[in-house]
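Reading through the structure tokens given below for one structure.
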Number of protein chains: 2
Amino acid sequence: MNLKQLAEHLNLSQTTVSRALNGYPEVSEKTREKVLRAAQELNYSPNARAKGLATGRAHAIGHVLPISDQHEMVNPIFGDFIAGAGQTYSKAGYEVVISLVDDKDEEQAYRSIRNRGNVDGIIVHGPRMTDSRIALLTELGLPFVVHGRASQVSLPYSWLDTNNGRAFQRATEFLLDLGHRRIALINGLEFMDFAHRRRVAYEGALTDRGIAPDPALMRSEEMTEIYGYRSAAEMLSLANPPTGFLVSSMITAIGVRRAIHEAGLEMGRDVSVITHDDDLGYLRNGHDVPIFTATRSSVRLAGMRAAEMLLELIRTPAHAPLTQLMEAELIIGSSTGPAQ
Amino acid sequence: MNLKQLAEHLNLSQTTVSRALNGYPEVSEKTREKVLRAAQELNYSPNARAKGLATGRAHAIGHVLPISDQHEMVNPIFGDFIAGAGQTYSKAGYEVVISLVDDKDEEQAYRSIRNRGNVDGIIVHGPRMTDSRIALLTELGLPFVVHGRASQVSLPYSWLDTNNGRAFQRATEFLLDLGHRRIALINGLEFMDFAHRRRVAYEGALTDRGIAPDPALMRSEEMTEIYGYRSAAEMLSLANPPTGFLVSSMITAIGVRRAIHEAGLEMGRDVSVITHDDDLGYLRNGHDVPIFTATRSSVRLAGMRAAEMLLELIRTPAHAPLTQLMEAELIIGSSTGPAQ
DNA sequence: GACCGCACCCAAAGCGCTTTGAGAAACGTT
DNA sequence: AACGTTTCTCAAAGCGCTTTGGGTGCGGTC
């Protein structure tokens with residue numbers, strides 16, 4: 001069933017039917033109603049490609065997942081982010097298109113996405129410290145919002161980020177206030193912007209209290225469970241082991257917890273752990289009583305907000321860049337306690 | 001840059017340029033080369049909407065995520081599945097379109113997806129025991145592959161599934177062979193087909209050995225960490241607690257492990273745990289030494305295979321339904337041991 | 001009765017591509 | 001020289017929609 005058939009069925013022109021369906025005022029209410037009813041009954045819905053061709057809008061948003069040799073892992077937070085964003089999109093009648101892009105031909109890929117014209121805007125995931133995509137997309141004139149930031153990029157651009165620096169500063173201070181002096185950082189990959197910010201904040205908080213950051217207590221890798229386990233196990237067997245851990249994700253923190261248990265220690269008493277918590281649906285940090293003391297920031301909410309920002313940019317093309325910094329909550333759980 | 005401009009630039013007709021780009025034989029090698037070079041230089045890539053309109057193919061695959069009140073959680077395995085499928089798609093020049101569909105208006109949604117015409121086929125996620133989508137999509141004539149199966153549906157249709165029954169049967173027998181008699185099942189939601197199959201297999205394996213399944217040792221919920229923790233904690237405080245646990249996902253198993261530790265018991269010695277492991281990138285079950293004894297089946301691989309099947313169905317429209325059953329490996333880790 | 005304005009409706013062009021049906025050019029064959 | 005073949009190229013139609021630039025018919029005004 002297409003427009004033409006629907007129009008013939010109704011003995012109207014395609015124009016009139018199209019206008020009736022799209023809410024233009026040039027058509028009487030009676031006609032509009034008839035048209036809407038028929039469309040409903042005959043299960044008509046317009047062909048998106050044709051509509052896109054005619055209007056120049058795709059009614060779709062691109063989410064580009066960088067795939068690289070360095071870390072081919074799919075971001076575990078991606079699902080929740082998309083779920084949040086998707087909710088906003090579907091209200092506005094937009095769809096999500098996902099492209100996996102090898103970062104070897106990133107430039108080519110983004111150019112092609114632009115030319116293919118099946119998205120009206122892009123959400124940029126996983127920004128690095130110095131991310132070339134921002135300049136590229138600006139040049140291409142394709143609306144975009146970055147989830148995160150790129151510290152080294154000085155161009156103005158739209159982004160939505162969690163205040164990772166503030167969160168990790170507070171977390172470090174929290175442990176310091178409890179009397180901890182040997183505090184380890186189990187961080188994500190530090191060419192990723194968020195991880196870099198976290199380390200800077202952690203080091204800053206330490207030095208502010210006159211403590212020199214100890215390289216033996218800092219790790220930077222992909223945030224898996226195993227990584228948390230190994231790092232913590234190794235550090236706990238040092239001559240002078242840490243009494244507190246700052247961890248970059250719940251999954252990794254779970255590995256840290258495992259290492260602590262295996263070392264015969266108790267988390268929250270012998271060793272304190274504080275983690276960042278993206279508030280993922282399948283990995284809640286406890287219901288009523290949080291397990292981990294954590295800096296919490298909902299990635300799902302971030303998705304919703306980023307989507308709204310992008311839709312706004314698409315609606316008004318000349319819009320100035322939008323930015324939004326979300327503060328993380330500090331959640332006190334049972335994984336921290338005073339230093340022994 | 002569009003076809004017309006490119007053709008003008010080359011002093012050729014659109015037809016010739018189009019044919020040159022799409023590898024038709026009616027154009028000389030010299031011309032083709034010239035065209036390709038120019039396209040490269042001028043960064044031309046065809047408008048997907050227009051191409052789609054003209055060819056009737058969208059070169060995109062739809063992944064529909066059911067969202068319901070019953071479980072609005074985003075499937076944590078979705079990311080890995082998409083990553084696998086995406087790899088296959090991008091080789092074939094296809095893209096991924098994601099739709100979040102509230103299962104209240106499922107029928108409407110699938111009809112509209114079909115009419116909108118921006119996907120050539122669909123991967124159906126999260127099939128229920130009796131899933132109306134299969135009949136619907138068959139009727140609509142839209143190619144689709146189900147990730148999983150729907151036991152109650154007798155129509156022939158294409159699916160790719162892990163042999164959940166066999167996996168859980170083996171897992172149960174493994175524990176039985178170790179001397180366990182009180183074996184608990186911490187299952188997923190049992191209106192989901194995979195979870196149902198797992199329970200049936202578990203009960204079957206028990207009764208085959210003359211053990212009556214005990215309802216007090218069976219749970220069925222969304223597979224979160226907390227759920228694993230609570231269920232295990234409760235069961236361990238029973239008068240007659242289980243000595244073995246069969247768990248439906250790694251995340252949930254981690255919760256079970258936590259409960260075991262908190263009860264002052266040791267996993268693998270006092271209590272055995274065996275879990276299903278989807279081999280997710282961010283939640284590897286150990287590198288060399290697996291942590292959990294597990295039935296392992298890579299969801300990423302499933303994504304790749306399902307994508308291949310779907311592309312095949314799209315290529316040859318009259319194709320008979322394709323099916324594929326993947327066997328899970330039984331991985332022996334340190335979370336199991338002889339019953340005390 | 002002529003004129004105007006309004007409400008309603010339509011035909012046709014155009015979005016950027018593919019593809020059909022056919023023509024021109026170059027070449028060999030008789 | 002006339003004719004077929006092969007190779008290369010093109011103009012134009014069509015995919016399903018929106019939107020422009022009118023038209024038609026009706027009631028009201030003078």
Residues satisfying the stated conditions in the stretch B:189-200, i.e. over 12 Å from B:ARG128 (Cβ atoms) and open to solvent by less than 50 Å² (accessible area, probe 1.4 Å): B:ARG198
Output for the stretch B:276-299, where each listed residue is assigned to a loop (DSSP other than H, G, I, E, B), over 18 Å from B:TYR229 (Cβ atoms) and hydrophobic (A, V, I, L, M, F, W, C): B:LEU280, B:VAL289
Residue in the stretch A:156-178 that is open to solvent by 10 Å² or more (accessible area, probe 1.4 Å), in contact with a Pro (Cβ under 7 Å, 6 or more places away or on another chain) and assigned by TED's automatic domain parsing to the domain that holds A:THR293 present: yes
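Here's the yes/no breakdown for (1) near DNA strand C (Cβ under 10 Å from one of its atoms); (2) among the acidic types (Asp, Glu); (3) modelled with pLDDT under 90:
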site: B:GLY56; (1), (2), (3): yes, no, no
site: B:GLY62; (1), (2), (3): no, no, no
site: B:ILE67; (1), (2), (3): no, no, yes
site: B:GLY79; (1), (2), (3): no, no, yes
site: B:GLU95; (1), (2), (3): no, yes, no
Looking only at the stretch A:28-46, and only at residues there that are within 11 Å of DNA strand C (Cβ to nearest atom) and of a type in the set (S, T, N, Q), the one that is nearest to the other protein chains (Cβ to nearest Cβ): A:THR31
Residues being in contact with a Phe, Trp or Tyr (Cβ under 9 Å, 6 or more places away or on another chain), facing chain B (nearest Cβ under 9 Å) and open to solvent by 20 Å² or more (accessible area, probe 1.4 Å) - total across the stretch A:259-300: 1
Every residue from the stretch B:236-250 that is among the aliphatic types (A, V, I, L, M) and open to solvent by 10 Å² or more (accessible area, probe 1.4 Å): B:LEU236, B:LEU238, B:ALA239, B:MET250
Residue in the stretch B:264-286 that is in contact (Cβ under 8 Å) with a residue 40 or more places away in the chain and more than 29 Å from B:LEU176 (Cα to Cα) present: yes
Residue check for A:THR55: free of Cβ contacts under 8 Å to residues at least 60 places away in the same chain, more than 13 Å from every other protein chain (Cβ to nearest Cβ) and β-branched (Val, Ile, Thr): no
A:THR16, sole failed condition from (1) within 23 Å of A:GLY93 (Cβ to Cβ); (2) more than 11 Å from DNA strand D (Cβ to nearest atom); (3) more than 14 Å from every other protein chain (Cβ to nearest Cβ): (2)
Single match in A:ARG219, A:ARG230, A:ARG198, A:ARG149 (criterion: within 14 Å of chain B (Cβ to nearest Cβ) and of a type in the set (Lys, Arg)): A:ARG230
Selection within the stretch B:9-27 - more than 8 Å from DNA strand C (Cβ to nearest atom) and not in a helix (DSSP H, G or I): B:ASN11, B:LEU12, B:GLY23, B:PRO25, B:VAL27
Failed item, numbered, when B:ASN75 is tested on (1) more than 13 Å from DNA strand C (Cβ to nearest atom); (2) modelled with pLDDT of 90 or more: (2)
Exclusive hit being farther than 27 Å from A:TRP159 by Cα and within 30 Å of the chain's Cα centre (by Cα), set A:SER237, A:SER248, A:SER272: A:SER272
Only listed residue being on the phi < 0 side of the Ramachandran plot and within 12 Å of another protein chain (Cβ to nearest Cβ), chosen from B:GLU173, B:GLU95, B:GLU106: B:GLU95
Residues of the stretch B:24-47 satisfying the condition of being more than 9 Å from DNA strand D (Cβ to nearest atom) and either in contact (Cβ under 8 Å) with a residue 40 or more places away in the chain or farther than 28 Å from A:ASN47 by Cα (or both): B:GLU33, B:LEU36, B:ARG37, B:ALA38, B:ALA39, B:GLN40, B:GLU41, B:LEU42, B:ASN43, B:TYR44, B:PRO46, B:ASN47
Strands (runs of 3 or more DSSP E) wholly inside the stretch B:28-134 that include at least 1 residues being open to solvent by 30 Å² or more (accessible area, probe 1.4 Å): B:60-67, B:95-102
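The values are calculated or read from the model by the stated rules, or taken from the named source; none is laboratory data. Predicted, not measured: the structure shown is a model, and the values here were computed from it. Here Cβ is always computed from backbone atoms with ideal geometry, including for glycine, and neighbour counts include all displayed protein chains. To get the accessible areas, we keep the full protein, side chains included, count just its heavy atoms, and leave off ligands, DNA and RNA. Shrake-Rupley method; radii C 1.70, N 1.55, O 1.52, S 1.80 Å.
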